[in-house]
Amino acid sequence: MGKSPQHRDLFAGALELMVLHSLRIKPMHGYALVKHIQQVSDDLLQIEEGSLYPALQRMLREGWLEAEEGVSAKGRPTRIYRLTKSGVKRLEQEKSSFEKMFAGITRVLAVAKA
């Protein structure tokens, strides 16, 4: 069964970009990241935990994030993720790359039918 047009996968790097940007605003645990992205996007973006947690682990390995033990709002143990200096640098690279890609897509879509 195919995906509906409303539930397409994010382009490569989009999840990293959104996670890095969100953590630049404030440190959060995984569930808070999911809810933050969903809320800020007015429910247009749904991040699956099966995509988020492997991405967080990859970003930890790359040194873009660090994690510390914390407690969720419901009193459960959790990992709080925070952006590192290397993560800030990566965020700036990703934003620049995204802006160039978006500009190119916008130009393609702006071309009228011949």
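The values are calculated or read from the model by the stated rules, or taken from the named source; none is laboratory data. On a predicted model such as this, the values are computed, not experimentally measured, just so you know. Cβ placement follows ideal geometry from the backbone for every residue including glycine, while neighbour counts extend to all protein chains displayed. These area figures cover heavy atoms from the full protein model, side chains too; ligands, DNA and RNA do not enter into them. Shrake-Rupley method; radii C 1.70, N 1.55, O 1.52, S 1.80 Å.
Please give the number of the condition residue 86 fails out of (1) at pLDDT below 95; (2) hydroxyl-bearing (Ser, Thr, Tyr); (3) farther than 18 Å from residue 14 by Cβ.
It fails just one condition, (1).
Need at least 1 residues that are open to solvent by 70 Å² or more (accessible area, probe 1.4 Å) and touching a strand residue (DSSP E or B) at 6+ places or on another chain (Cβ under 6 Å) per element, so show me which helices (runs of 4 or more DSSP H) inside region 11-114 make the cut, counting only ones lying wholly within it.
Output list reads 14-25.
Could you identify the single residue in 60, 52, 91 that is under 12 Å from residue 16 (Cα atoms) and touching a Gly at 6+ places or on another chain (Cβ under 7 Å)?
52
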